[in-house]
Amino acid sequence: MSRNTRRGFLKESGTVGLGLSLVAGQASGAIAANEKISVACIGVRGRGNSVMQSFVQEPDCDITHICDIRESVRLQRGAEIKQKTGRMPKLLNDYRDLLNDKSIDAFMVATPDHWHALLTIEGCLAGKDVYVEKPASHNILEGKTAVAAARKHDRMVQMGTQIRSAPFLQEAVDYVNSGALGKVIYGKAWETARNGEVHLPPDSKPPKDLDYEIWQGPAPERPHNKSIVGSAWRWLYDYGTGDLGNDGVHRIDYCRHVMGLDRMPDAISCSGGKYFFDDDQQFPDTMLVNYEYPDKVLQYEMRLWSKSKLHGAGEGANIYGENGWVMLTNNSWKAYDPAGKVVRQGSSDVGQQAHIRNFLDAVRSRKRESLNQEIYSGHVSTVMCHAGNISCRTGRKLRLDARTETFDDTEANQYVGREHRRGFELPDIV
């Protein structure tokens with residue numbers, strides 16, 4: 001089946017062109033209080049396994065299906081889930097086999113970035129709720145389409161920026177909202193680290209236990225390369241979003257959340273490039289991105305070659321007001337007065353388990369507003385990452401139209417979306 005097109009598959013299964021005939025809620029409507037939520041986990045090798053284990057910990061959740069394009073991975077994960085729960089999930093290679101299964105309530109998506117939005121869209125069209133890892137999409141158009149699919153089919157879709165559910169972050173939000181900082185104008189998020197180099201070996205035949213046709217999905221056709229499939233995909237334009245979309249999305253997200261910036265910026269400008277590494281990665285290793293709002297500025301700094309930290313943290317964000325500032329890390333916050341004295345602080349875990357619980361509660365209640373990182377909010381943070389990368393690629397300051405999600409620049413708009421490979425087309429949501 002790996003060579004079948006998606007359109008052909010859906011035709012054979014009695015649906016029409018990408019499942020548009022599916023009725024919202026067909027697979028998962030209201031779930032009775034005594035029923036468990038059935039979750040199909042798609043992509044369970046690394047981060048996906050970690051997220052899946054968090055779902056396992058929730059007593060009202062069943063991992064009923066595991067879908068991974070590596071046979072060895074799905075066999076191992078299936079055995080591990082059976083050992084923990086006493087129940088063997090169904091093991092599948094092709095996500096399309098999940099779409100018409102009415103027993104499935106929700107998808108967990110933790111694939112490479114180039115699959116995030118398409119699986120979210122497919123899930124929504126098939127009546128599934130979706131928990132999707134960050135970033136929410138590979139490009140702006142895919143993310144916009146995912147939001148439209150979730151809205152049209154009334155799906156609960158949560159992006160996996162789990163810090164949104166961490167208690168410490170809400171404490172920081174409450175402190176800033178209290179007016180303690182006075183007028184808040186500027187925020188700065190950052191990443192500093194010494195990353196490794198990316199050197200691709202010669203292309204080779206895919207291993208027998210890997211379905212490379214599905215791994216490629218909507219990306220352009222190219223020969224198999226074991227390093228790209230392994231982890232180097234993150235640093236290549238066709239598959240990943242660079243470190244801005246990988247790590248930066250977390251820091252940008254909680255910085256703008258505490259600043260009260262709920263919408264997309266008006267303008268984006270980036271200074272940076274690939275200055276340190278002489279290797280095969282395509283994204284910048286150095287970036288300073290400014291996001292401009294009518295009365296605020298958020299800046300993101302990325303240094304992937306530097307061992308030096310900012311304010312003692314390799315990644316974090318500062319929010320500056322007229323009467324002091326707040327520093328955020330991934331598990332803590334501190335408020336400082338103008339003299340630099342700590343006046344309030346707090347800490348907690350990073351919120352992963354709470355984020356899963358928040359999603360499952362929304363699946364039951366059908367209250368989209370109860371999600372701590374609902375798909376549109378996740379899309380805003382993801383668009384900021386895409387826009388920073390696009391500004392760097394074009395070398396220009398860009399103005400963003402939040403209504404159309406396009407730029408005032410012809411070259412920049414070439415990167416808003418892309419042509420999908422045949423059989424994995426992006427649907428129109430009408």
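Farthest toward the positive end of the dipole of the range 326-430, out of 345, 326, 424, is the Cα of 345, where the dipole comes from beta carbon charges about the Cα centre. Please give the helix 352-365 orientation as an angle from the longest Cα principal axis of the chain, in degrees from 0 to 90, rounded to the nearest 10. Tilt relative to the chain: about 60 degrees. Among the cysteines of the chain, those whose beta-carbon sits 4.7 Å or more from every other cysteine beta-carbon are 41, 61, 67, 124, 255, 385.
Here the chain yields Rg over Rh of 0.96, to two decimals, using C-alpha coordinates and the Kirkwood radius. Helix 71-85 against the longest principal axis of the chain: what's the angle in degrees, Cα atoms only, rounded to the nearest 10? That helix lies at roughly 80 degrees to the long axis. For the chain, DSSP calls about 60 percent of its internal beta bridges antiparallel.
Note on residue 347 and residue 419: the extension gain reaches 21.5 nm, defined as 0.36 nm multiplied by sequence separation minus the Cα-Cα distance.
To the nearest ten degrees, helix 113-125 and the longest principal axis of the Cα atoms of the chain are 60 degrees apart. Across the options 199, 185, 212, the greatest Cα extent toward the positive end of the charge dipole of the range 182-230 (unit charges at beta carbon of Lys, Arg, Asp, Glu) belongs to 185. If you put +1 on each Lys and Arg Cβ and -1 on each Asp and Glu Cβ, how big is the dipole of the range 42-91 around its Cα centre, in Debye rounded to 20? Computed about the Cα centre, the dipole is about 200 debye. Each of residue 307 and residue 178 was given a label point 7 Å from its Cα along the Cα-to-Cβ line. The distance between the two points is 4.0 nm. Computed about the Cα centre, the dipole magnitude for the chain is approximately 460 debye when only Lys and Arg (+1) and Asp and Glu (-1) carry charge, each at its Cβ. As a length-normalised measure over Cα pairs under 8 Å and 6 or more apart, the relative contact order of the chain settles at 20 percent.
Just checking the listed ones, 313, 117, 32: in the Gaussian network model of the chain with Cα springs under 10 Å, the one fluctuating most is 32. Fully extending the segment from residue 154 to residue 337, taken as 0.36 nm per residue of separation minus the present Cα-Cα distance, adds 61.4 nm. Here's the picture: a label point sits 7 Å out from the Cα of residue 275 along the beta-carbon direction, and within the range 358-396 the residues with their amide nitrogen under 15 Å of it are 392.
A simple spin-label model places pseudo-atoms 7 Å from Cα toward Cβ; at residue 401 and residue 80 they are separated by 4.7 nm. Cross-link check: pairs 367/397; 102/152; 102/226; 128/274; 307/334 evaluated at a Cα-Cα cut-off of 31 Å; pairs beyond the cut-off: 367/397; 102/226; 128/274. Using the rule -39500 (n - 2.57) for each DSSP H run of four or more residues, divided by the residues of the chain, the 222 nm mean residue ellipticity is -9000 deg cm²/dmol. Rounded to the nearest 20 debye, what is the charge dipole size of the range 292-424 about its Cα centre when +1 sits on each Lys and Arg Cβ and -1 on each Asp and Glu Cβ? With only Lys, Arg, Asp and Glu charged at Cβ, the dipole is about 440 debye.
Any read-out appearing in this document is the output of simple, stated calculations on the displayed coordinates, not a laboratory observation. Here the structure is a predicted model, which means the values were calculated and not measured. Every residue, glycine as well, gets a Cβ built from its backbone with ideal geometry; the counts of neighbours run over all protein chains shown.
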